Amino acid sequence: MPASLPPGLPIIPDGPDEPYGFTMSPDEFEVAVQAALDSIPERLARAMDNVAVFIDDDYAPGPGEDPGTVLLGLYEGVPLTERDSWWDAGSLPDRITIFREPILDICDSREEVIHEVAVTVVHEIAHHFGISDDRLHELGWG
């Protein structure tokens, strides 16, 4: 125990064992995601078709994927630009998942979390509209 602490106080471990990132409850994070969704211009929001947004704690890489893969968000579905006339016949909704823990890990403040959630939501919605990762990076939404 460090000499500067009176006896009986908890022992503080040596070294930087502080958790990195920002702490935010799942409910607070959900509010940030909802705010990002609410900020989508109405015209674009109306153009979105058959897409559901979810929040998950973390991305679990599948078989054959690098186990160290870290994603902030994921779009799964058929982009609007690739749908044909048969697409609506019983298709499940496209799925956008925002991953809470990786976003919190890279942020140091509530403002950074809100910004990163907004960028991630826009990024994944852009995939729904058929915009590629390369183009998103060119536009600063990478």
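Please treat every number below as a calculation from the coordinates, not as lab data. Every value quoted in this text rests on a predicted model; they were computed, and no experiment measured them. When we count neighbours, we look across all protein chains shown, and the Cβ atoms used for this are built from the backbone with ideal geometry, even at glycine.
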Inset, instruction - Run a plain Debye calculation on the stretch 26-138 (Cα atoms as equal point scatterers, no solvent) and give log10 I(q)/I(0) at q = 0.21, 0.24 Å⁻¹, rounded to two decimals, same order as the q list. - result: -1.25, -1.45
Inset, instruction - Treat the count of other C-beta atoms within 10 Å as a stand-in for reagent exposure and order 33, 78 from fewest to most. - result: 78, 33
Inset, instruction - Quick one: which residues, 5 or more positions from residue 107 or on another chain, have an amide H under 5 Å from its amide H? H modelled 1.01 Å from N in the peptide plane, none for Pro or chain starts. - result: 22
Legend entry - Simple label model, 7 Å out from Cα along Cβ direction - residue 57 to residue 42, nm: 4.0
Inset, instruction - Mind sorting 117, 51 by how few other Cβ atoms lie within 10 Å of their own Cβ, fewest first? - result: 51, 117
Inset, instruction - Describe numerically, in nm with one decimal, the distance between label points set 7 Å from Cα along Cα→Cβ at residue 86 and at residue 139. - result: 3.0
Legend entry - Length-normalised contact order for the chain - Cα pairs under 8 Å, 6+ apart - percent: 31
Legend entry - Backbone HN-Hα couplings from phi across the stretch 30-40 [Karplus 6.51/-1.76/1.60, Hz, Gly and Pro as x]: 4, 4, 5, 5, 4, 5, 5, 5, 5, 7, 5
